[in-house]
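The next block holds one structure in the form of structure tokens; read it before the comments.
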Amino acid sequence: MIRMPEPSLSPVRSIAKRIVYALIALVAAVLIVYAGRGGYRDVNGDGLSLLDSFYYATVSLSTTGYGDITPVSASARLINVLVITPLRVLFLIVLVGTTLEVLTERSRQAFRIQKWRSKVRDHVVVVGFGTKGRASVKTLLGDENIEPSRIVVVDTDQQALDAAAALGLVTVHGSATRSDVLRVAGVQRAKAVVVATNRDDSAVLATLTAREMAPKAHIVASVREAENVHLLKQSGANQVVVSSETAGRLLGMATSTPVVVDMVEDLLTPESGLAIAERAVEPSEEGGSPRHLSDIVLGVVRDGQLHRVDSPQVDAIEPGDRLLYVRKVTPADHNE
């Protein structure tokens, strides 16, 4: 149900690594046999040379075992049991690693998932990886600088999950309207939940389930119709974005003032140009007017409530306020 991103490794490097591990196991076996060559008997009766040790290690690790060289002393047999046999198993695992890797994939994934669950805190759960979900993830990775491993995508479409996994995101297959699926995604420990489903009814149920499991998480949801906004807020969404109305407004503006639409797109695109950002008030700015700052301030957040910059409630900046302002973004800033 849950899948962790796999570390990328080229086939050539993977094969080279396995060959190196196999050679290390072979050399270790040769040195052990050669060091204890007095405890081995050769059918020729002339003792074991270094070449004989290589020969014995090769046929032993490959499980060929012709029997022409055998351990006869108690110490040699004990070393075969405790050292040569584990090396033989390691040798086979390395050479047949492709097959065994498939067989052990579930165990490795289970271990990684258990490790991830024990450490993950304050992550972001994204419900739905369609157009809206991908755009929100792009913003989280770019403007918010959140690590891919701290974003969990929940979706029922396996192709969408494959695309998310390719970005290094943690994926969970299932419906976010079910509490057991959200529990696997660790929503109870998430700092934020983004609900970006394609249907409003699914968004309502997912929001309701997420809020019940994560009372303190910040939940933002997208709906297609404005008439469903109150349902999302009653279900526990902190913020609701009406995708159809927002797109409609931009379409209407584009007919008369297309440049304004370009500016809005620029503000909403964090890669370069201008972007809307939030920052804390500096001590030197306290007591002053937000309209007289060097930054272009759009609003002031006070006690969790947003006030427009021309609102009389925020004529003077107070300690603890946060400013919404227009920030200039350069490609270098984005890369950082």
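Taking the Cα centre of region 120-246 as origin and charging only Cβ (+1 Lys, Arg; -1 Asp, Glu), how large is the dipole, in debye to the nearest 20?
So the magnitude is around 360 debye.
Points 7 angstrom from Cα along the Cβ direction at VAL120 and ALA226: gap in nanometres?
Taking the simple label geometry, VAL120 and ALA226 are separated by 3.7 nm.
Given labels modelled 7 Å from the Cα in the Cβ direction, how far is it in nm from LEU92 to GLU318?
Going by the 7 Å Cα→Cβ label model, 7.4 nm.
Filter the GluC sites (Glu not before Pro) in region 214-248 to those in DSSP coil with at most 12 other Cβ atoms within 10 Å of their Cβ, and list the result. Could you put the intermediate results ahead of the total?
On the way: sites: GLU225, GLU227, GLU245; in loops: GLU225.
Answer by residue number: GLU225.
What is the gain in length, in nm to one decimal, between LEU50 and THR64 on full extension, counting 0.36 nm per residue of separation less the C-alpha to C-alpha distance?
3.1 nm
Every number in this text was worked out from the coordinates using simple rules, so none of it is lab data. Every value quoted in this text rests on a predicted model; they were computed, and no experiment measured them. For neighbour counting, all protein chains shown are included, and Cβ atoms are generated from backbone atoms with ideal geometry for every residue, glycine included.
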